[in-house]
1. Over the stretch A:17-123, one equal point on each Cα, no solvent: what is log10 I(q)/I(0) by the Debye formula at q = 0.10, 0.15 Å⁻¹?
2. Please give the helix A:5-26 orientation as an angle from the longest Cα principal axis of chain A, in degrees from 0 to 90, rounded to the nearest 10.
3. Could I have the simple spin-label model distance between A:ASP57 and A:ALA29, label points 7 Å from Cα toward Cβ, reported in nm to one decimal?
4. Along the Cα→Cβ direction, 7 angstrom out, place labels at A:GLU7 and A:VAL103. What is the inter-label distance in nm?
5. Which value results when the Cα radius of gyration for the stretch A:73-154 is divided by 2.2 N^0.38 Å?
6. Placing +1 at every Lys and Arg Cβ and -1 at every Asp and Glu Cβ, with all other atoms neutral, what dipole size does the stretch A:14-151 have around its Cα centre, in debye to the nearest 20?
7. Within 10 Å of each Cβ of B:29-36, how many other protein chain Cβ atoms are there on average?
8. Give me the percent of DSSP beta bridges within chain A that run antiparallel, rounded to the nearest 5.
Amino acid sequence: MHIHRLEKIWLTFGIAMLFVFLIVLGISAFAMGMDTPNSHEHHSFDPTKVSETPPFDNPGLIQTGDKSYEAVIIGYGFGYTPDEIEVPAGSTIVFKVTSSDVVHGFEIPGTNVNLMMIPGEVNQTSHTFNKPGEYLILCNEYCGVGHQMMASRLIVR
Amino acid sequence: MAKLGPYQEKMPQGETKKKETSAEQEHSLRGTFASVMILGFIIGVSWLGIFILFMMRN
């Protein structure tokens with residue numbers, strides 16, 4: 001089969017690009033541990049029993065080590081439980097989130113924390129907050145008439 | 001001999017083949033090449049930009 005010289009160049013370029021993307025994806029998934037938000041929990045729970053299901057029976061901030069925390073957060077229409085979190089600078093927080101009613105969003109602008117809060121599912125991600133300041137937590141999934149008011153704060157001292 | 005259509009010209013076999021080959025070689029793919037490369041550049045740059053942003057925020 002005859003392939004034009006220029007055609008060979010762009011095919012090589014395209015295939016090389018595909019391999020670069022796949023290699024980066026592979027490294028970030030297997031070496032850097034970047035996985036999907038719900039891959040940490042291999043079970044779903046009854047969304048009508050959020051307040052009885054651990055860890056959501058006791059939502060809040062739990063210190064798990066030196067400068068490491070676990071934040072168990074429930075989204076509801078239209079807010080978050082707990083409604084404010086405070087940690088010292090340099091802390092790593094593991095966020096475990098779910099919803100008690102409809103699908104909500106859990107986003108901290110300026111960071112990679114961006115989760116869906118899904119009834120009956122536990123989504124998880126972690127982030128290290130090195131810069132002190134006030135971080136906004138907001139809902140980015142339209143959840144009802146009060147959606148625009150659904151926000152909370154994370155204070156890093 | 002088969003009947004020729006209105007747009008077919010009667011010509012010897014060898015001549016037809018020669019004409020087809022030269023027509024294929026005449027195709028210039030430089031414009032296509034340029035557009036493919038421009039598109040590839042745009043995809044590559046946007047991907048890299050987003051990836052750098054992601055790594056910086058991590």
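1. Values returned for q = 0.10, 0.15 Å⁻¹ are -0.34, -0.71.
2. 30
3. Reported label-point gap for A:ASP57 and A:ALA29 is 3.6 nm.
4. 4.3
5. Values: Rg = 12.0 Å, N = 82, 2.2 N^0.38 = 11.7 Å.
Against the empirical 2.2 N^0.38 Å value, I get 1.02 for the stretch A:73-154.
6. Dipole of the stretch A:14-151, to the nearest 20 debye: 380 debye.
7. Values: counts 6, 1, 1, 4, 6, 1, 1, 7.
Per-residue shielding by partner chains comes out at 3.
8. Values: 26 of 39 bridges.
Looking only at bridges with both residues in chain A, the antiparallel portion is about 65 percent.
Only the coordinates and a few stated rules stand behind these numbers; no lab work does. Since the structure is predicted, the reported quantities are computational estimates derived from the model, not experimental observations. Methodologically, a virtual Cβ is constructed for each residue, glycine included, from the backbone with ideal geometry; neighbour enumeration extends over all protein chains shown.
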